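**Q** The structure that follows is given in the form of structure tokens.
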2 protein chains.
Amino acid sequence: MKTITTWGKLALASLAAATLVACGGSEQAEDTANVAQKVEKIEWKMVTTWPKNFPGLGTGAEALANNINQMSDGRLEVKVYAAGELVPALETFDAVSRGTAEMGHSTAYYWKGKAPAVQFFSSVPFGMTAQEFNAWLEYGGGLELWEEVYAPFNIIPMAAGNSGAQMGGWFNKEINSVDDFKGLKMRMPGLGGEVMKKVGAVMVNLPGSEIFTALQTGTIDATEWVGPYNDLAFGLYKAAKYYYYPGWQEPGSAIEALVNKDAFNALPEDLQGIVRAAAQQANLGMLNEFTARNNAALETLVNDHNVILKTFPNDLLEALKVASDETLQEIAANDPMSQKVYDSFKSFLDSVSAWHDISERAFINARADD
Amino acid sequence: MKTITTWGKLALASLAAATLVACGGSEQAEDTANVAQKVEKIEWKMVTTWPKNFPGLGTGAEALANNINQMSDGRLEVKVYAAGELVPALETFDAVSRGTAEMGHSTAYYWKGKAPAVQFFSSVPFGMTAQEFNAWLEYGGGLELWEEVYAPFNIIPMAAGNSGAQMGGWFNKEINSVDDFKGLKMRMPGLGGEVMKKVGAVMVNLPGSEIFTALQTGTIDATEWVGPYNDLAFGLYKAAKYYYYPGWQEPGSAIEALVNKDAFNALPEDLQGIVRAAAQQANLGMLNEFTARNNAALETLVNDHNVILKTFPNDLLEALKVASDETLQEIAANDPMSQKVYDSFKSFLDSVSAWHDISERAFINARADD
């Protein structure tokens, strides 16, 4: 640990400067101290892929910035920009890479055009839950791999939130077997969409703003979004009748903080520690929020809006599982870095799910009344 | 947010002092700055209920202290004391209450003699998992209640770790039905032990140091400890043959940071934020460590030490569930604060487990091959 702090050094510098002028007059001495303080204050921009105050995600970015600002006592001040305020949502990664913004708040699968391996750091179909993913990052080598994937872009990634297990999506048709997915027009981005294509569904790419109308008019038959807390706010229950589970495609979607590497390395060690701790605090905080709020929203959907909750049939889930394995193996086979990440991911998943089979899974099945 | 930092104020103070002496000589000016820095440094003691470097728990206390020290750049320096170094393990709470130590690292059920309601803040039989408990604390009113329970003792509690779901324990007898628990001599502290008594088991109180021999010599038939990572290190496989699951008695045991209220309130806001963030970082970090390490330890137990993994029979789990409900209701009925905490706990548990039934539980059951 350093024993002379940056502020300590600053005090000595101010003092030396003041000594030079103090015998002549006092006003200049105060100016020198003020200037020194202004130089020391660091201002960062955080660009995001979310609309302003988007529940859980946009508010999560604000919480992260506030925590950094409070812990650094304003020495590092982070200002959040919603999607489009400084750069468009999908330029977040490039903006942080170039240093236009020092931080970003997003999710990794948006950047698959940069490097296919990023897709393992959002959520993987039939992959890890939030708890398992966080354990892989911190104690299973996952974070080092994520850093390796982002290093060519001059970006340091940190986990900064998680939605927990998402829902399977909104449907205007009942799904009774895997055959009902053939020809189904659905909006599902990311790896889930790739898997859906393998079982015969037709993927329709739509920006968030067009989903509601497309679902209402029958341009699409189905869409996924997040979970009850976000889906209720989005009003999707007005456009579709059935709400399916489990959300096999995103069992725990990680939200990332992107940090420009030069900007991070220029921070003193204490501020680096503060940025990392604030990200971890936000990581758990967001999961806590989704975990706590989803059920009340689900009750509103079912009780007040007559949404019909349905579970996917077993044959469909089995088919999706097979298609998911194929999809991941294809991504790995086409890109050495993806193969490296997949091997680590798969090995950790096999181990941690074996443990959860006899710990959390066995427990929650024993706790349940059914 | 404050715009003049403590260090900023210190710089101005140093400067003013230096101005007085600078025209005479320079050595004294440096001394003044050094003295000013020493005055600002705050030193805290953290007493714990764990042996030094006890896996996951003792190391978790060290990690928490290190994070505070790094983020504060040594302005707040926390030194960790293992059980018995400064005070005996079970005087941790009193030491923090009196201010003998500014912090403690422990788990709440040890203090049930102080207030019965504390028992809801460690782990509750058939209660919440780690993820559910953290969500209750931050978004379900749990933390406010915990603060209310500790307030009369001048202590602020914070969640600072979690073991995740524990195992059901080590047994030297096969358990084939609830009848096999009648007369069984077992060591199980906390609420789990109260529940066991209701189904006919005989509870034997033993300090950690005597468990191994008692199990080996037949003084007890069974004991619980933590989970594979700790149990392997403890060598319990040498004294018992069967390792049972699920760990119904502790589905997610929370570790607490205790902070003396006067000491906390005397901190500037930035250091208060750092203490809270470091606790949250440690909270998730410990769960990550247990989640990642338990399976490798379990494999070693089963493959290298021939431990026999067994699941409790359903009739026993049902009987334990009924006895658990009775136990919690009795605690609540005997103490108004416990009733208040129980009502909040139970209401959140019902809601969050309904959500998890269709999200994480449905997902991990679909993911599993069996």
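**Q** State whether one or more residues within region A:128-146 are acidic (Asp, Glu), surrounded by 22 or more Cβ atoms within 10 Å (Cβ to Cβ) and under 15 Å from residue A:279 (Cα atoms).
**A** The answer is no; no qualifying residue exists.
**Q** Next up: Do we have any residue at all in region A:93-116 that's within 14 Å of chain B (Cβ to nearest Cβ), among the aromatic types (Phe, Trp, Tyr) and in contact (Cβ under 8 Å) with a residue 60 or more places away in the chain?
**A** No, there is no match, as no residue in region A:93-116 is within 14 Å of chain B (Cβ to nearest Cβ), among the aromatic types (Phe, Trp, Tyr) and in contact (Cβ under 8 Å) with a residue 60 or more places away in the chain.
**Q** Please pick out the residue among B:87, B:124, B:78, B:118 that is under 28 Å from residue B:270 (Cβ atoms) and either of a type outside the set (Lys, Arg) or not assigned by TED's automatic domain parsing to the domain that holds residue B:230 (or both).
**A** The conditions single out B:78.
**Q** Name the residue, out of B:254, B:282, B:292, B:296, that is small (Gly, Ala, Ser), crowded, with 22+ Cβ neighbours inside 10 Å and at the interface with chain A (Cβ under 8 Å from one of its Cβ atoms).
**A** B:292
**Q** Step by step: first the residues of region A:303-316, then only those that are in a helix (DSSP H, G or I) and touching a residue at least 40 places away in the same chain (Cβ under 8 Å), then the one that is surrounded by the most Cβ atoms within 10 Å (Cβ to Cβ). Which residue is that?
**A** A:316
**Q** Can you name the residue in region B:262-273 that is within 21 Å of residue B:95 (Cα to Cα) and assigned to a helix (DSSP H, G or I) and is also farthest from the other protein chains (Cβ to nearest Cβ) among such residues?
**A** Within region B:262-273, the match that is farthest from the other protein chains (Cβ to nearest Cβ) is B:262.
**Q** How many residues are surrounded by 23 or more Cβ atoms within 10 Å (Cβ to Cβ) and in contact with a helix residue (DSSP H, G or I) (Cβ under 6 Å, 6 or more places away or on another chain) if we restrict to region B:159-186?
**A** Residues that pass the stated criteria total 8.
**Q** Quick one: which of B:367, B:276, B:361 is farther than 30 Å from residue A:320 by Cβ, at the interface with chain A (Cβ under 9 Å from one of its Cβ atoms) and among the basic types (Lys, Arg)?
**A** B:276
**Q** For residues that are aromatic (Phe, Trp, Tyr) and outside any loop (DSSP other than H, G, I, E, B), scanning just region B:123-148, find the one that is nearest to the chain's Cα centre (by Cα).
**A** Checked region B:123-148; the qualifying residue nearest to the chain's Cα centre (by Cα) is B:133.
**Q** So residue A:252 passes all but one of these: (1) assigned to a helix (DSSP H, G or I); (2) within 25 Å of the chain's Cα centre (by Cα). Which condition number does it fail?
**A** (1)
**Q** On to the next question. Only one of (1) farther than 18 Å from residue B:170 by Cβ; (2) more than 11 Å from chain A (Cβ to nearest Cβ) is not met by residue B:304, so which one is it?
**A** (1)
**Q** Which members of region B:101-121 meet the condition of being among the small types (Gly, Ala, Ser) and surrounded by 24 or more Cβ atoms within 10 Å (Cβ to Cβ)?
**A** B:101, B:104, B:106, B:108, B:117
**Q** If residue A:320 satisfies every condition in (1) within 12 Å of another protein chain (Cβ to nearest Cβ); (2) under 26 Å from residue B:140 (Cβ atoms); (3) crowded, with 19+ Cβ neighbours inside 10 Å; (4) not polar (S, T, N, Q) but one, which is the exception?
**A** (2)
**Q** Continuing with this model, one more query. Being at pLDDT 95 or above, assigned to a helix (DSSP H, G or I) and under 22 Å from the mean Cα position of the chain (by Cα) narrows it down to one residue among A:319, A:278, A:323, A:257; which is it?
**A** A:278
**Q** Right, something else. Working only within region B:128-167, note down all residues that are out of contact with any Phe, Trp or Tyr (no Cβ under 7 Å at 6 or more places or on another chain), facing another protein chain (nearest Cβ under 10 Å) and small (Gly, Ala, Ser).
**A** Once the filter is applied, which keeps residues that are out of contact with any Phe, Trp or Tyr (no Cβ under 7 Å at 6 or more places or on another chain), facing another protein chain (nearest Cβ under 10 Å) and small (Gly, Ala, Ser), region B:128-167 yields B:130, B:135, B:141, B:159.
**Q** Please find, among B:235, B:273, the residue that is without any contact (Cβ under 8 Å) to a residue 60 or more places away in the chain and surrounded by fewer than 24 Cβ atoms within 10 Å (Cβ to Cβ).
**A** After applying the criteria, what remains is B:235.
**Q** Determine, yes or no, whether residue A:366 is surrounded by 19 or more Cβ atoms within 10 Å (Cβ to Cβ) and more than 27 Å from residue B:294 (Cβ to Cβ).
**A** no
**Q** Hey, another quick one. Give the number of residues within region A:290-300 that are more than 22 Å from residue A:253 (Cα to Cα) and in contact (Cβ under 8 Å) with a residue 12 or more places away in the chain.
**A** 1
**Q** Here's something else I'd like to know. Just checking, how many residues over region A:326-358 are more than 10 Å from every other protein chain (Cβ to nearest Cβ), assigned to a helix (DSSP H, G or I) and in contact (Cβ under 8 Å) with a residue 60 or more places away in the chain?
**A** 11
**Q** Related question: For region A:42-118, please list each of the strands (runs of 3 or more DSSP E) lying entirely inside it that holds at least 1 residues being more than 15 Å from the chain's Cα centre (by Cα).
**A** A:42-48, A:76-81
**Q** Working only within region B:204-224, note down all residues that are closer than 25 Å to residue B:324 by Cα, hydrophobic (A, V, I, L, M, F, W, C) and surrounded by fewer than 18 Cβ atoms within 10 Å (Cβ to Cβ).
**A** Hit for region B:204-224 is B:206, nothing else.
**Q** Determine which member of the set B:121, B:153 is aromatic (Phe, Trp, Tyr) and under 22 Å from residue A:367 (Cβ atoms).
**A** B:121
**Q** Further question: For region A:44-102, which positions are aromatic (Phe, Trp, Tyr) and within 17 Å of residue A:158 (Cα to Cα)?
**A** Listed by number, the residues that qualify are A:44, A:93.
The values are calculated or read from the model by the stated rules, or taken from the named source; none is laboratory data. These numbers come from a predicted model, not from an experiment. Every residue, glycine among them, receives a Cβ derived from its backbone with ideal geometry; neighbour counts consider all protein chains shown.
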